[in-house]
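Novice: Got a structure for you, questions after.
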Amino acid sequence: MTTHYRHQIYTALFTLLLLSAGVQKSFGQREVMNEQYVQNPMAINPGFTGVRETFNMTAVLRRKWFSIPNSPLSQTFAADGTFGEGKFGVGFQALNDQTSYFTTTALSASFAYHLGISDTWKLGLGAQGGINVLPISNGTSFANNRALGSFGLGAWLRSDQFYLGVSKPEILKHGFGDQALSYFYRRPLYIMAGGSYDLNEDVMLLPHVLIVQEKDQDLRVDLGARFWFNEKIGLGASYRMGGGAKTGGTGINFLQFTAEVQVGKNIRLGYFYSTKQIEQIYSTNSGPKGIHELMLKFVPNPNGFQKY
């Protein structure tokens, strides 16, 4: 990697961090979508848009009770691809969340430019924008829905075996009527790193770490790994720790278990179970603490096994 390209990387990442640090108030109403960052890194980093260099579609169904008809559920959908010989990535994401304390509908589009900085390293610089529709209090109820703009930035540096992402998916500041939603809705800074390593001909290890920084909150750290066997079956687990208000509030520590199966070349199915759900920081309602998720991933024209 030449000195010129190193300078480009450092400048881009430093600029992104400056933009992120300029935000003074927390906001981030898409917790459900953001929690799926392992299966869809584009959810927290627009710089990932088009990294896989082929068209991808991912749909996730999230539900507390599968045995109770008409119980609350959430759906997310994400798609991205490239054009211009892989130099440009475009993506789309949609969320309809009914499981959270604050129901949310969100639509966003992302764009990334991918710079080849050496034979083995590439840098993706991305931006995303869209709208989030959520209930806003009028002082007595949550009867009014309001569409709020969304804008974010991200950078994704990668090689065949390693990646590093820095992003701020929400940087706009909004008001929320007569309620203190800004206390709950924060605009976090995400730093994510990971890679892929062949343990032998049949087993691949994909570790990852995510560090989340929010104003007036303790650092949150997610540690996890997935194992793929013969590129057919994937099993993994991750652990979240930290978070919570620096003034004495507690974060939510929990485990997530994942199971995936590659069905042919085009389809991947997944089941994920979290022992707790992120929305518990908003409510102490009784009921199941864990939450189930089902995933369908479709790649019309795969260019090989997709690690991420």
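Read-outs: derived from the displayed coordinates by stated rules, not from any lab. Here the structure is a predicted model, which is why all the values come from computation and not from measurement. All Cβ positions, even for glycine, are placed from backbone atoms using ideal geometry, and neighbour counts span all protein chains on display.
Novice: Between Asp198 and Asn303, what length in nm is gained on full extension when 0.36 nm per residue of separation is reduced by their alpha carbon distance?
Specialist: Taking Asp198 through Asn303 to full extension adds about 35.9 nm, to one decimal.
Novice: Return the FRET efficiency for the residue pair Asn96, Leu219: r is the Cβ-Cβ distance, R0 is 22 Å, and the value is rounded to the nearest 0.05. Each step should come with its number before you reach the end.
Specialist: On the way: r = 31 Å, r/R0 = 1.39.
Approximately 0.10, to the nearest 0.05.
Novice: In this model, which of Lys122/Lys173; Lys168/Lys307; Lys64/Lys297; Lys87/Lys215 are farther than 27 Å apart at the alpha-carbon?
Specialist: Those over the limit are Lys122/Lys173; Lys87/Lys215.
Novice: Can you sort Ser159, Ser238 so the residue with the fewest Cβ neighbours within 10 Å comes first? Write down the numbers at each step before the final one.
Specialist: Details: Ser159 13, Ser238 21.
Ordered by Cβ neighbours within 10 Å, fewest first: Ser159, Ser238.
Novice: To the nearest 0.05, what FRET efficiency results for Thr275 and Leu73 with a Förster distance of 22 Å applied to their C-beta separation?
Specialist: 0.70
Novice: Also, quick follow-up: Counting other C-beta atoms within 10 Å, which of Ile233, Ile291 has the fewest, and how do the rest follow? Could the numbers behind the result be given before it?
Specialist: Values: Ile233 12, Ile291 24.
Ordered from fewest to most neighbouring Cβ atoms within 10 Å, Ile233, Ile291 come out as Ile233, Ile291.
Novice: Once fully extended, how much extra length lies between Val263 and Lys173, figured as 0.36 nm per residue of separation less the alpha-carbon to alpha-carbon distance? Before the final figure, lay out each step's value.
Specialist: Working: separation 90, 0.36 × 90 = 32.40 nm, distance 4.29 nm.
Between Val263 and Lys173, full extension yields an extra 28.1 nm.
Novice: Packing-wise, with mean Cβ within 10 Å as the measure, how do 189-200, 42-53 rank, highest first?
Specialist: 42-53, 189-200
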